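Here's the structure, in structure tokens; my notes come after.
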């Protein structure tokens with residue numbers, strides 16, 4: 001795990017054959033870490049986190065989690081972009 005000011009910058013999860021729950025857990029943890037880091041460090045959305053998911057077929061899915069600094073809503077949604085095979089797709093929770 002790569003840490004910056006006490007917060008992870010990269011986390012990883014390996015598929016344990018648990019019907020995709022590992023991926024969902026990693027995404028929830030990533031969103032929480034981004035929110036907590038931005039609140040703790042008061043970075044106004046400039047903290048990002050890379051999450052790597054290793055599938056059972058030995059492929060790696062890469063996700064970048066961040067909060068949009070221009071988001072003026074009270075909730076400030078955490079966003080993620082996924083690029084498992086070189087193509088970027090949007091994902092929002």
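Worth a mention:
- Oblate is the label for the stretch 1-43. Its Cα gyration tensor axes, ordered a ≥ b ≥ c, give a/c of at least 1.5 and b/c at or above a/b.
- Gain on full extension, evaluated as 0.36 nm per residue between residue 18 and residue 42 minus their Cα-Cα distance, stands at 5.0 nm.
- Sorted fewest first by neighbouring Cβ atoms within 10 angstrom, 54, 48 come out as 54, 48.
- Residues 47, 7, 65, ranked from the fewest to the most other C-beta atoms within 10 Å, line up as 7, 47, 65.
- Going by neighbour counts of Cβ atoms within 10 Å, the residues 22, 5 line up, fewest first, as 5, 22.
- Gain on full stretching of the segment that runs from residue 28 to residue 70 - 0.36 nm per residue minus C-alpha separation: 12.9 nm
- Relative to the current alpha-carbon distance between residue 5 and residue 60, full extension at 0.36 nm per residue lengthens the span by 17.1 nm.
Just so you know, all these numbers are worked out from the coordinates, no wet-lab data involved. Keep in mind that this is a model prediction, so the values were computed, not measured. Heads up, the Cβs are rebuilt from the backbone with ideal geometry, glycines too, and the neighbour counts pull from every protein chain shown.
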